[in-house]
Amino acid sequence: MTYQTRVIGAFSLMAAMLLIVGFAQSWSLVLAILNLCLISSIMALGLNMQWGYAGLFNAGVMGFAALGGAAAVIVSVPPVQEAWAAGGGGIMLALIICAATALLVALVYFRLKASDTIRFATITAILVVGFIFYRMLLDPSVDAIEAVEPAKTGFLGGLGMPIIFSWLVGGLFAAGIAWVIGKVALGLRSDYFAIATLGISEIIVAVLKNEDWLTRGVKNVNGLPRPVPYEIEVQQSPFYQGIAESLGVTVVEFSSLFVKLCYSALFLIVLLIIFYLSQKALNAPWGRMMRAIRDNETAANAMGKHVTGRHLQVFILGSAVIGIAGAMLTTLDGQFTPTSYQPLRFTFLVWVMVIVGGSGNNLGSILGGFFIWFFWIEAEPIGLWMMEFITSGMAADNALRLHLIESAPHMRLIMMGVILLLVLRFSARGILPEQNRQSAG
């Protein structure tokens, strides 16, 4: 089977599965799955840049997605004027102290001509003094902000800009943190790097859960603005009412489908742009160099390639793409819920998408995003159908039958494991494996 035939067959099968759900369940569900598949594919593309291009094991996908979600809040929510008046100035001064402390430490480390002991003592003194002043300004400001109508606000709010700008800001947030992580951890061995990314992602989520003044913490931020019309606006429009009548559906059903289609169009545009840029980079000399580094770091280093610098580049780029996807997901949900950022969903699943689709292949990552998320959502109804079929000969009140039917939701994890095992057994490089290309030195 040629590669082109394999691509057409795989995506045709994916389209057929979506159509089956549409006819068997509902078209609204199909569009909901499609939107999440598009976002998942973007996350998978970001991880594929890191693992498929450069062999970097990023176990902190969850943290970068959470940064994108936080960006949606910071960009789109209107500022809370009372909170800014109560403690906004203190927060800004605390951040200035923090930045000044970091700058002084860097100046002392790189510019002070003295013994290591004196330099270490100076840096320690700067850090201690800076921390004391930082906490003196931060703590009372945080208390004042969180006391402003905590049931409704209790945080500073955001910039009140259109939420679609948060997609870029989420990418910038993730890229900035990736730069910091990369500068510290990219010199480590691959297993230590994975541990570092996992630990830092947990720290990011913990900060978002506990710093109420920033994103309300576990109280969540609801009712985020949309980049598409609201259903009620569509339902009240005579134009859309006419379209719904011509299609033979109720205006309520049409409004739901129309809004989901608007999201699909936006997400598809972003996916195509990222895919196009990813393909251009992969097929350019830069991409060939990254694959050469991935396949043999020692040889690439001997040929004068700056391995750590190139790893930092691709780590930042991949993290930025994941941050964009995280902001898109929060936009789709309409709320920011820090407790929802779990490694099972935002790290393990994205890794499965890349592995099943085919690491090193951008089309494979997109296919993996669709394939795995589809079965993640449909595993429960499929499991329920299987249990009902298996127990069809039992009495309705049979204890074993009731237990198996109640256990159907747990089929989700079993199905993910079975899919991964089958793909690794029969197509170890993924459904759409990386195409062999002539590597550049």
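Taken together, the values in this text are just the output of simple stated rules run on the coordinates, not laboratory data. Since the model is a prediction, treat every value here as computed from it, not as a measurement. Ideal geometry is used to build each Cβ from the backbone, glycine not excepted, and the neighbour counts take in all protein chains shown.
Considering the values [x] 19.4; [y] 28.4; [z] 21.4, which represents mean projected area of the Cα convex hull in nm² as calculated for the structure under consideration?
Of the labelled values, this structure produces [y].
Evaluate E = 1/(1 + (r/R0)^6) for PHE110 and MET136, where r is the Cβ-Cβ distance and R0 equals 25 Å; express this FRET efficiency to the nearest 0.05.
0.35
Quick one: what are the phi-derived ³J(HN,Hα) couplings along the range 376-392, Karplus 6.51/-1.76/1.60 with θ = phi - 60°, whole Hz, x for glycine and proline?
5, 7, 8, 4, 5, x, 5, x, 5, 4, 5, 5, 5, 5, 5, 9, 4
Top mean-square fluctuation among ILE39, ILE164, ILE126, Gaussian network model of the chain, C-alpha springs under 10 Å?
Fluctuation is largest for ILE126.
Please work out whether the range 1-134 counts as rounded, prolate or oblate from its C-alpha gyration tensor, where a ≥ b ≥ c are the square roots of the eigenvalues and a/c under 1.5 means rounded, while otherwise a/b larger than b/c means prolate and anything else oblate?
oblate
Order by neighbour count: LEU13, LEU138, fewest other Cβ atoms within 10 Å first, most last.
LEU13, LEU138
Multiplying the sequence separation of THR308 and LEU420 by 0.36 nm and subtracting their Cα-Cα distance, what value in nm do you get?
Separation in residues times 0.36 nm, less the Cα-Cα distance, equals 37.2 nm.
In debye, nearest 20, what is the charge dipole magnitude of the range 88-156 about its Cα centre with +1 on Lys and Arg Cβ and -1 on Asp and Glu Cβ, if you could check?
Dipole magnitude for the range 88-156 comes out near 400 debye.
How large is the charge dipole for the chain, taken about the Cα centre, if only the Cβ atoms of Lys, Arg (+1) and Asp, Glu (-1) carry charge, to the nearest 20 debye?
It works out to roughly 1760 debye.
Assuming 0.36 nm per residue, please report the length gained on full extension of the stretch GLU202 to ALA125 beyond their Cα-Cα distance.
Full extension from GLU202 to ALA125 adds 24.8 nm.
So which residue, out of TRP351, TRP27, TRP51, gets the largest mean-square fluctuation from a GNM of the chain using Cα contacts under 10 Å as springs?
TRP27
Over 5 Å intervals from 0, what percent of Cα-Cα pairs in the range 347-396 sits in each interval?
Going from the shortest bin to the longest, the percentages are 5, 22, 19, 15, 11, 10, 8, 7, 3, 1, 0.
May I ask for the longest run of the chain untouched by trypsin sites (Lys or Arg not before Pro) that are loop-located per DSSP and have at most 11 neighbouring C-beta atoms (other than their own) within 10 Å?
190-441
Tell me, what ³J(HN,Hα) does each residue in the range 393-406 have, in order and in whole Hz, if you take phi through Karplus 6.51 cos²θ - 1.76 cosθ + 1.60 with θ = phi - 60° and put x for Gly and Pro?
Result, ordered by residue: x, 8, 5, 4, 9, 5, 4, 5, 4, 4, 5, 5, 5, 5 Hz.
Which listed residue (ILE33, SER12, SER246) has the Cα farthest towards the positive end of the charge dipole for the chain, taking +1 on Lys and Arg C-beta and -1 on Asp and Glu C-beta about the Cα centre?
SER12
Report P(r) for the range 276-357: all Cα-Cα distances, bin width 10 Å, range 0 to the bin holding the largest distance, values in whole percent.
Reading the bins upward from 0: 14, 35, 31, 16, 4, 0.
Can you compute the helix-only [θ] at 222 nm over the chain? Use -39500 (n - 2.57) per DSSP H run of at least 4 residues, normalise by all residues, nearest 500 deg cm²/dmol.
-24000 deg cm²/dmol
Of the chymotrypsin sites (Phe, Trp or Tyr not before Pro) in the range 206-242, which ones lie in a loop per DSSP and count no more than 13 other C-beta atoms within 10 Å?
Filter output for the range 206-242: TYR230.
Spelling out what I want: for every residue of the range 312-328, take phi, set θ = phi - 60°, compute 6.51 cos²θ - 1.76 cosθ + 1.60 (Karplus), and round to whole Hz; glycine and proline get x.
Calculated HN-Hα couplings, in order: 5, 4, 6, 5, 5, 4, x, 5, 4, 5, 5, x, 4, 4, x, 5, 5 Hz.
Hey, rough spin-label estimate for GLU406 and GLN335, points 7 angstrom out along Cα→Cβ, what's it come to in nanometres?
Those two pseudo-labels are separated by 2.8 nm.
Given a cut-off of under 8 Å on Cα pairs at least six residues apart, what relative contact order in percent is computed for the range 88-156?
So the answer I get is 43 percent.
Can you give the translational diffusion coefficient of the range 88-156 in µm²/s, computed by Stokes-Einstein from the Kirkwood radius over Cα pairs at 4 °C and 1.567 mPa s?
96
Scan around VAL221 for amide H atoms under 5 Å from its own, H built in the peptide plane at 1.01 Å from N, and keep only partners 5 or more places away or cross-chain.
Hits under the 5 Å cutoff: PHE336.
Place +1 on the Cβ of every Lys and Arg and -1 on the Cβ of every Asp and Glu in the range 183-248, take the dipole about the Cα centre, and give the residue among GLY199, LEU186, ASN210 whose Cα lies farthest towards its positive end.
LEU186
If you build a Gaussian network model of the chain, linking Cα atoms that sit under 10 Å apart, which residue out of LEU36, LEU413, LEU156 swings the most?
So, out of LEU36, LEU413, LEU156, the one fluctuating most is LEU413.
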